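So the structure is just underneath, and the comments pick up after that.
The values are calculated or read from the model by the stated rules, or taken from the named source; none is laboratory data. The structure presented is a predicted model; accordingly, all values stated were derived computationally and were not measured. No Cβ is skipped: glycine too gets one built from the backbone with ideal geometry, and neighbour counts run over all protein chains shown. SASA here: full protein model, heavy atoms, side chains in, ligands and nucleic acids out. Shrake-Rupley method; radii C 1.70, N 1.55, O 1.52, S 1.80 Å.
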Amino acid sequence: MRGNRHRTWIAAGLATAGVAVGAGLYIEELQTGHTDGGYRVAPAQIKAAATDKSCVGTRPAPTAGDAVHYTPLDRTVDHLGKLTSGRHTAVYTGLSVDDDDNAADVWRIPSAAFDTAACAAAEKGVTVRLHSTDVNRKDLNALADRISEDMSRWDGAFQLREVGVDESGFVFVGVDDPERAEPILEDTFGVRYIRVEHVEQAHTLPLEVPEAG
């Protein structure tokens, strides 16, 4: 699954090199089963998603410092992280990395200012593909926190096994019995931005650290 990486993997790798990584772009994995979404959007779905705009970067590569050891795509994601954790937080939804196409897919509430900044952040040869949503990451994180606040609260009705924010604009909820769980969760938290699916058992997703070189 090297072809598409979740934002967390890049964050973990660049942080070890001392490169500033935008905080708050993902929900850190908790032992309760609350994860940051991982591959809830399959690579094929990402490639098929409607793209509002795409651009190929022209930003020059660094010539010194720790960041020079990383790929243009990795550094582009780091640049995007700084944007989405700063003044563009209100429009940012999520990000996925496509190694095969040397591209970053960004979901956001449409914003001309953000689109311009995102394209300017891309290094030479890296493609940024922009997709529309109607919700930002902060609100999705808050919803995920509410759902996972007490993982055992639903015992007796169903088992809540995973909760995570998907980069494309919804909260994934993994349960043992979706037919029983879905109406209860939707009645409690609303229909929008929740996707309920069967999960065999709770787990957290591994972090992949990009190789330097």
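Along the stretch 64-71 the Karplus relation, 6.51 cos²θ - 1.76 cosθ + 1.60 evaluated at θ = phi - 60°, assigns HN-Hα couplings of 7, x, 4, 5, 5, 7, 9, 7 Hz to successive residues, with x for each Gly and Pro. Between Val163 and His34, Thr35, Gly174, the built amide H atoms are under 5 Å apart, and every one of these is 5 or more places off in sequence or on another chain.
Take the stretch 92-132 with all the other protein chains still there, run a 1.4 Å probe, and you get 29 Å² of accessible area per residue. Of the solvent-accessible surface of the stretch 67-213, computed with a 1.4 Å probe over protein heavy atoms with every protein chain present, carbon and sulfur atoms account for 48 percent.
Listed by chain and number, the aspartates and glutamates whose C-alpha is less than 14 Å from the C-alpha of Lys138, apart from same-chain residues fewer than 8 away, are Glu28, Asp36, Asp166, Glu167. Ranked by the mean number of other Cβ atoms within 10 Å of their residues, highest first, the peptides 97-105, 176-184 fall in the order 97-105, 176-184. Of the trypsin sites (Lys or Arg not before Pro) found in the stretch 62-162, those that fall in a DSSP loop while having at most 15 other beta-carbon atoms within 10 Å are Arg87, Lys124, Arg153. Taking amide H atoms as placed 1.01 Å from N in the peptide plane, the amide H of Phe170 has no partner under 5 Å among residues 5 or more positions away or on other chains.
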